[in-house]
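The values are calculated or read from the model by the stated rules, or taken from the named source; none is laboratory data. Not measured: the values here are computed from a predicted model. Reconstructed Cβ throughout: ideal geometry from the backbone, glycine too, with neighbour counts over all protein chains shown.
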Amino acid sequence: MFSRILVANRGEIAVRIIRACKELGIETVAVFSVADRDSLHVKLADQAVCIGGAPAKQSYLNIPNIIAAANNTRAEAIHPGYGFLAENAYFAELCETNGIKFIGPDPQVIELMGDKVKARELVKAAGVPLVPGSDGAVTSFNEAVRVADSIGYPVMIKASAGGGGRGMRLAHNKVSLREAIDTARMEAGAAFGNEEIYLEKYIEEPRHIEFQILGDESGNIIHLTERDCSLQRRNQKLLEEAPSSLLDEDLRHRMGSIAVEAARAANYYSAGTIEFLVDKNYNFYFIEMNTRVQVEHPITEMVTGIDIVKEQIRIAAGEKLTYRQEDVKINGWAIECRINAEDPLNDFRPAPGTVGQYLIPGGPGIRVDSSVYPNYTISPYYDSMVAKLVAWGNDRPEAISRMRRALNEFIIENLTTTIPFHLKVLDNAFFQKGEVYTNFIQRRMNNEF
């Protein structure tokens, strides 16, 4: 096992990783920007190193400074968390070059699965079902028209190197197709430095179901069942739950087996996620793989009892999985609400600021992952997450009831947050029945947000 790990991230995920390391008896090194000098992850780590200015490019994306910090503190491994450099193959490779273990998959796998076109080609050869679409990247408008005419409108234009909902546009006809392609290319180029796009058939009212994967370096791969991430806004997840109200045991087994096969095709190890769309006829299609720990991993931990971050660390240290597929059982139901400093009544506009009183909820089945404390400032330089609030119950109604109680207990003074939005979701009759799909907010929230 490692003796010292550098955490190349900030906020709640950095705190989450530091806590896992402490439980494993591993020393931690925090890195921080000038703006994050007083952050909780800095206070909790055994050592802390300033790596640059407030903008992420000067600090959390500053690869030379992070590698130097690891070398200077003699860290044996780097955990990237999610976001920033977590899916940067060059960074993972540079860690290896410097004799530092990257806590994640092989750099070549990151690069392969990060390219949505190549990932589709790989899993298709392994028999994984795909959403009908282009065979590879689309290089011209005329080619896009031919593909769209073949699979039928509406179509979704997606960035090959995309993620987080960026570089995605919907086209209902040939007229809107050109504008959608141009916009997607421009957005993809700005966000990822890669304008390559491909086309997929738009699945109407789909569920977004993802399977948590764990694999070790000896080739053992299991899944930890599914998460339902259908409640989204502009392809950004807002609320997740595990398990999904859509899946029965047969569909869960079939999708889980396919997810494992997709990971096996990529020779995958570490924690990862295979993401699917499921249509109203229960047909499911692979959309992408995320080669990192997910924001919403706590709900899987709550229903399986498996610490995903600890497993990541153990796998990186060369240990074999101690769990077999038959050991994974679903116990109860968990819901996660992302509490962001955003104004849901003003198009979810970011609302950074300094927190006044900060009182987190508690009681049975409640978990709060956060790096915020009284008088802490939510910086405009980074994402607006305040906390991930997780509620567990014996069943879905109890999880909803506990989440409602916890949201009402949560006191965050001086900030506008998404708590009122989540309370309205929980009170929505369609949500309570489990009828949730990716356009739920537009269809079922009566233009409230």
For segment 186-268, which fully contained strands (runs of 3 or more DSSP E) count at least 3 residues that are over 17 Å from residue 280 (Cα atoms) and within 20 Å of the chain's Cα centre (by Cα)?
207-215, 221-233, 236-242
Yes or no: residue 408 without any contact (Cβ under 8 Å) to a residue 12 or more places away in the chain, outside the structural domain of residue 77 (by TED's automatic domain parsing) and over 23 Å from residue 273 (Cα atoms)?
no
Taking residue 316 as the residue in question, decide whether it is without any contact (Cβ under 8 Å) to a residue 60 or more places away in the chain, hydrophobic (A, V, I, L, M, F, W, C), buried (at least 21 other Cβ atoms within 10 Å of the Cβ) and more than 22 Å from residue 441 (Cα to Cα).
no
Restricting to segment 354-389, name every residue that is within 22 Å of the chain's Cα centre (by Cα) and not aliphatic (A, V, I, L, M).
367, 369, 370, 371, 379, 380, 381, 382, 383, 384, 388
Which one is modelled with the highest pLDDT, of the residues in segment 336-353 that are of a type in the set (A, V, I, L, M) and over 21 Å from the mean Cα position of the chain (by Cα)?
351
If you check residue 423 against the conditions, is it more than 19 Å from the chain's Cα centre (by Cα), in contact (Cβ under 8 Å) with a residue 40 or more places away in the chain and in a helix (DSSP H, G or I)?
no
In segment 15-55, what count of residues is obtained for those that are within 15 Å of residue 312 (Cα to Cα), touching a Leu at 6+ places or on another chain (Cβ under 8 Å) and buried (at least 21 other Cβ atoms within 10 Å of the Cβ)?
1
For segment 1-12, enumerate the residues that are farther than 13 Å from residue 372 by Cβ and in contact with a Phe, Trp or Tyr (Cβ under 8 Å, 6 or more places away or on another chain).
8, 9
Criterion violated by residue 152 - all others in (1) surrounded by fewer than 21 Cβ atoms within 10 Å (Cβ to Cβ); (2) at positive phi; (3) touching a helix residue (DSSP H, G or I) at 6+ places or on another chain (Cβ under 7 Å) satisfied:
(3)
Tell me yes or no: at least one residue of segment 284-302 is within 27 Å of residue 88 (Cβ to Cβ), at pLDDT below 95 and under 17 Å from the mean Cα position of the chain (by Cα).
yes
Given (1) over 15 Å from residue 268 (Cα atoms); (2) modelled with pLDDT of 95 or more, residue 92 misses just (1)
Filter segment 189-218 down to the residues that are under 22 Å from residue 148 (Cα atoms) and in contact with a Lys or Arg (Cβ under 7 Å, 6 or more places away or on another chain), then identify the one that is modelled with the lowest pLDDT.
205
Of the criteria (1) farther than 25 Å from residue 16 by Cβ; (2) in contact (Cβ under 8 Å) with a residue 40 or more places away in the chain; (3) in contact with a Pro (Cβ under 6 Å, 6 or more places away or on another chain), which one residue 172 fails:
(2)
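Listed here are the residues, each with its yes/no results for (1) polar (S, T, N, Q); (2) in contact with a strand residue (DSSP E or B) (Cβ under 6 Å, 6 or more places away or on another chain).
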{"residue": "267", "(1), (2)": "yes, no"}
{"residue": "289", "(1), (2)": "no, yes"}
{"residue": "294", "(1), (2)": "yes, yes"}
{"residue": "304", "(1), (2)": "yes, yes"}
{"residue": "314", "(1), (2)": "no, no"}
Where in segment 59-176 are there strands (runs of 3 or more DSSP E), lying wholly inside it, with at least 3 residues that are assigned by TED's automatic domain parsing to the domain that holds residue 34 and farther than 20 Å from residue 202 by Cβ?
77-79
Kindly list the number of the only condition in (1) modelled with pLDDT of 95 or more; (2) within 21 Å of the chain's Cα centre (by Cα); (3) of a type in the set (Ser, Thr, Tyr) that fails for residue 176.
(2)
In this structure, does residue 145 turn out to be surrounded by fewer than 22 Cβ atoms within 10 Å (Cβ to Cβ) and either farther than 18 Å from residue 188 by Cβ or without any contact (Cβ under 8 Å) to a residue 12 or more places away in the chain (or both)?
yes
